[in-house]
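Before any comments, here is the structure.
The values are calculated or read from the model by the stated rules, or taken from the named source; none is laboratory data. Bear in mind the structure is a predicted one, so any value in this text is a computation, not a measurement. Methodologically, a virtual Cβ is constructed for each residue, glycine included, from the backbone with ideal geometry; neighbour enumeration extends over all protein chains shown.
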């Protein structure tokens, strides 16, 4: 069952903040409207998120769209389905991860700064799968999640600054 096929009450549950919280921030030397356009060029996220292919499976990429990110490392595959629930261009886009494993809200914020710079904040609140085992594993997994998200945003910033995104 895809995120689009799940019952409304299941989506409501997924939209609540989970216990696993991760945030990454980067400053991009570009104006907010350009940075926002690059962030919401969903399929181009494949250029800066390692081992991941992103595609819009329903809609135009705007509010109401369903976006799928598939991360593969050898035989291990992680499918992340996200419903775009809010777009406030060029400042913020909200998503709800509504797949089988990754569930919870997320937000990408662009804050304009002086000298045509933009602060990007990527914040996620995931529900931990696996009950007690998931809660025990999260403190071990969190540093890697934060590191990889920060590295992806640094690559994103370089690509935008070089004019290679969007």
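Among the criteria (1) assigned to a helix (DSSP H, G or I); (2) within 11 Å of the chain's Cα centre (by Cα); (3) at pLDDT 95 or above, the one residue 157 does not fulfil is (2).
Quick grid of which residues meet (1) under 21 Å from residue 154 (Cα atoms); (2) surrounded by fewer than 20 Cβ atoms within 10 Å (Cβ to Cβ); (3) touching a helix residue (DSSP H, G or I) at 6+ places or on another chain (Cβ under 7 Å):
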| site | (1), (2), (3) |
| --- | --- |
| 55 | no, yes, yes |
| 60 | no, yes, no |
| 67 | no, no, yes |
| 100 | no, yes, no |
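Consider the range 116-137 and keep the residues that are part of a loop (DSSP other than H, G, I, E, B) and out of contact with any strand residue (DSSP E or B) (no Cβ under 7 Å at 6 or more places or on another chain). The one that is modelled with the highest pLDDT is 116.
Only one entry of 94, 106 meets the criterion of being surrounded by 14 or more Cβ atoms within 10 Å (Cβ to Cβ), out of contact with any helix residue (DSSP H, G or I) (no Cβ under 9 Å at 6 or more places or on another chain), under 26 Å from residue 30 (Cβ atoms) and without any contact (Cβ under 8 Å) to a residue 24 or more places away in the chain, and that entry is 94.
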